[in-house]
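Undergrad: Structure below; questions to follow.
The values are calculated or read from the model by the stated rules, or taken from the named source; none is laboratory data. Computed from a predicted structure; not experimentally measured. Virtual Cβ from ideal backbone geometry, glycine too; neighbours counted across all protein chains shown.
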Amino acid sequence: MGAAMQTPDGTWRVEPYLRPRTRSWWYRLVGPASDNVIEDLSIGAVERLLTEMGYDLADLVDVPAPGGGSDRRSSESA
């Protein structure tokens, strides 16, 4: 993976990351403010949150992910 997705207006970004111990892809939703981050989401949870905010998952556009989509918390235990 490694690519992120964002809403067409650029307000919200969805970043995939792999948690080393689970070998599963998880997602973080990054909002317009730097402290507006929701982590450890399933793709279903991302879809629900975006829908509540008026966005459709199908309308997201690909963008480069910061750090290549890796888990920026990799030093923490999962």
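Undergrad: State the number of residues belonging to the stretch 1-48 that are closer than 13 Å to L60 by Cβ and either part of a strand (DSSP E or B) or aliphatic (A, V, I, L, M) (or both).
TA: 13
Undergrad: Out of the residues in the stretch 1-17 that are of a type in the set (G, A, S) and surrounded by 11 or more Cβ atoms within 10 Å (Cβ to Cβ), which is farthest from P64 (Cα to Cα)?
TA: Step by step, filter the stretch 1-17, then rank; the result is G2.
Undergrad: Collect the residues in the stretch 13-35 that are touching a strand residue (DSSP E or B) at 6+ places or on another chain (Cβ under 7 Å) and of a type in the set (S, T, N, Q), keeping them in residue-number order.
TA: Within the stretch 13-35, no residue meets the criteria.
Undergrad: Is there any pair with a first residue in the stretch 18-42 that is surrounded by 14 or more Cβ atoms within 10 Å (Cβ to Cβ) and a second that is aliphatic (A, V, I, L, M) and assigned to a loop (DSSP other than H, G, I, E, B) whose Cβ atoms are under 6 Å apart and which are 6 or more apart or on different chains, and what are they?
TA: Final answer for the pair search is R19/A78.
Undergrad: From the set of residues in the stretch 49-78 that are in a loop (DSSP other than H, G, I, E, B) and either of a type in the set (D, E) or under 16 Å from T7 (Cβ atoms) (or both), which is modelled with the lowest pLDDT?
TA: The first filter runs over the stretch 49-78 and keeps only residues in a loop (DSSP other than H, G, I, E, B), leaving 53-56, 60, 65, 70-78.
When the remaining residues are screened for being either of a type in the set (D, E) or under 16 Å from T7 (Cβ atoms) (or both), the result is 53-56, 60, 65, 71, 76.
Values: M53: 94, G54: 96, Y55: 96, D56: 95, L60: 95, A65: 67, D71: 46, E76: 39.
Ranking the candidates gives E76 first.
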